[in-house]
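For reference, the structure is listed below as structure tokens.
Taken together, the values in this text are just the output of simple stated rules run on the coordinates, not laboratory data. Computed from a predicted model, the values in this text were never measured in an experiment. Backbone-built Cβ (ideal geometry, glycine too); neighbour counts: all protein chains shown.
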Amino acid sequence: MSKEQIPVAARASQIEYAIRDVVVPATALEQQGHTILKLNIGDPIAYPGLPTPSHMVEAYVKALQDGRNGYSPSYGLPELRDAIARDERRKGWNAQSSDIYVCHGVTEALQILFASVLTEGDKVLAPGPHYPPYMAYPQMYGAQTIEYKLKPNDGWKLDLDDIESKMDSSVRLLVLINPNNPCGSVADEEEILKLLGIARRWPNCMIIADEIYDGLDFTGLQKSVASLSNEVPVFTLNGVSKVYYAPGWRIGYLAIHDPQLRLLDIRDGIERMLRSRLCASTPAQLGYLAGLESDRSWMNGYSDKVMAQRDVCLKRISEIQGLEVQSSGGAFYMFVRLTDPKWANDDKQFVLDLLHEEHVLVVHGSGFSSDLGKGHFRIVYLPSVNVLNEAFDRIESFLLRHRVD
């Protein structure tokens, strides 16, 4: 006998996270004995050849062995905050350790920031396509996310006219993800300065600079937003997961650049939120500290490997009828356009049918924006070259099989 269901809060029932939602049918196929070629999740540890650097692992293990397993200060270990501040100063702005707040990943930093800033009726202006939490989290606080356009035929550059047209006094946070997930585009100094110029005209608007992929910039054009802002407050987000290849450690940070000292109340709110949830993982913070304080020449080999795999994807996509892509300038993603008329308006069905027929897992573009992402799919180019080539062989076979003449 079915029972009347106890209601769920709308804030939870309406959340979608396409990157992980597509894993559900893939897991079912794996349970049936099928091997899935996974190009769906931005977890470098899930792929061969990109392990967390040994000196960082050793520091994490030493912390455990030394008994550093207790609670740490709510804002982060002082020595880690110092190291992060030095790293941010290297990027061009006068960060102090008191400006750094260590969180349980960038997603927790976002939740704390939104909780501290947003109230009923506020807006967050974020790029479309976008990383899903930028759409999901603001609604928890009575706010809404408004998408601004990126230019799909011009390297996914910022559509500054569209941003300007959507600004009003209720926009509290203007988001820049740079390099971008899911498109892999990199905003340069000129674009950032123009973005800051728009924000400057709205005194209660602040910038979120999501720079978690800043060390995976293949263009040389990526700039710290905080380093370019003399007036507009900037919240920089970064951490250990992507550039230091330790996503499961769940250590991120929020850095506050407040050039005109207008965020004293917001900073107080952030600190109250941080104290209420205790702290981030103590041994993982010490592992990250080792990464920040040690020689980083190892990153060059990792970046060379990622770029080589990107180039394989660009070549293969250029040879497959029904697909096209703008070259990725950073991170480790490509946002591929479906030009085959059968799939151009149904990217989610393309992803599901490709999974069931060819056992290749990618993410539908409409999962990153129902409007601005449709007709695309995202791939992660971290798997080995052999896996990437096999995946593209299967994608090409799938498109040929379904092509309508």
### Message
If the only charges are +1 at each Lys and Arg Cβ and -1 at each Asp and Glu Cβ, what is the size of the charge dipole of the chain around the Cα centre, to the nearest 20 debye?
### Response
560 debye
### Message
Between residue 346 and residue 315, how high is the FRET efficiency from 1/(1 + (r/R0)^6) when r is the Cβ-Cβ distance and R₀ = 25 Å? Nearest 0.05.
### Response
0.40
### Task
Among 369, 352, 339, pick out the residue whose Cα is farthest towards the positive end of the charge dipole of the range 327-389, where Lys and Arg carry +1 and Asp and Glu carry -1 on C-beta, about the Cα centre.
369
### Query
Among 34, 364, 356, which one shows the biggest mean-square fluctuation in a GNM of the chain, springs joining Cα atoms closer than 10 Å?
34
### Task
Please find the FRET efficiency linking residue 89 to residue 262, where r is the Cβ-Cβ separation and R0 is fixed at 22 Å, and quote it to the nearest 0.05.
0.55
### Theoretical FRET efficiency, 1/(1+(r/R0)^6), r = Cβ-Cβ of residue 353 and residue 385, R0 30 Å, to 0.05
0.75
### Task
Could you state the angle between the C-alpha long axis of helix 54-65 and the longest principal axis of the C-alpha atoms of the chain, as a value from 0 to 90 degrees rounded to the nearest 10?
60 degrees
### Message
Among 233, 222, 249, which residue has its Cα furthest toward the positive end of the charge dipole of the range 198-249, with +1 on Lys/Arg Cβ and -1 on Asp/Glu Cβ?
### Response
233
### Message
Sorting check: for 122-131, 167-176, which peptide has the highest mean count of neighbouring beta carbons within 10 Å, and how do the rest follow?
### Response
122-131, 167-176
### Task
Report the one residue of 186, 391, 24 whose Cα lies farthest in the direction of the positive end of the charge dipole of the chain (charges on C-beta: Lys and Arg +1, Asp and Glu -1; origin at the Cα centre).
24
### Summary
If one builds a Gaussian network model of the chain from Cα atoms under 10 Å apart, the most fluctuating residue listed among 150, 382, 314 is 314
### Query
Under a GNM of the chain (C-alpha, springs under 10 Å), which listed residue has the highest mean-square fluctuation: 155, 215, 248?
248
### Query
Short version: ³J(HN,Hα) in whole Hz for each residue of the range 43-50, in order, from phi by Karplus 6.51 cos²θ - 1.76 cosθ + 1.60 (θ = phi - 60°), x for Gly and Pro, what are they?
10, x, 6, 6, 10, x, x, 10
### Task
Return the calculated 222 nm mean residue ellipticity for the chain, to the nearest 500 deg cm²/dmol, obtained by summing -39500 (n - 2.57) across DSSP H runs with n ≥ 4 and dividing by the residue count.
-11500 deg cm²/dmol
### Message
Straight-line reach only, C-alpha to C-alpha below 21 angstrom: list the lysines that residue 151 could link to, leaving out same-chain residues fewer than 8 apart.
### Response
166, 194, 223, 374
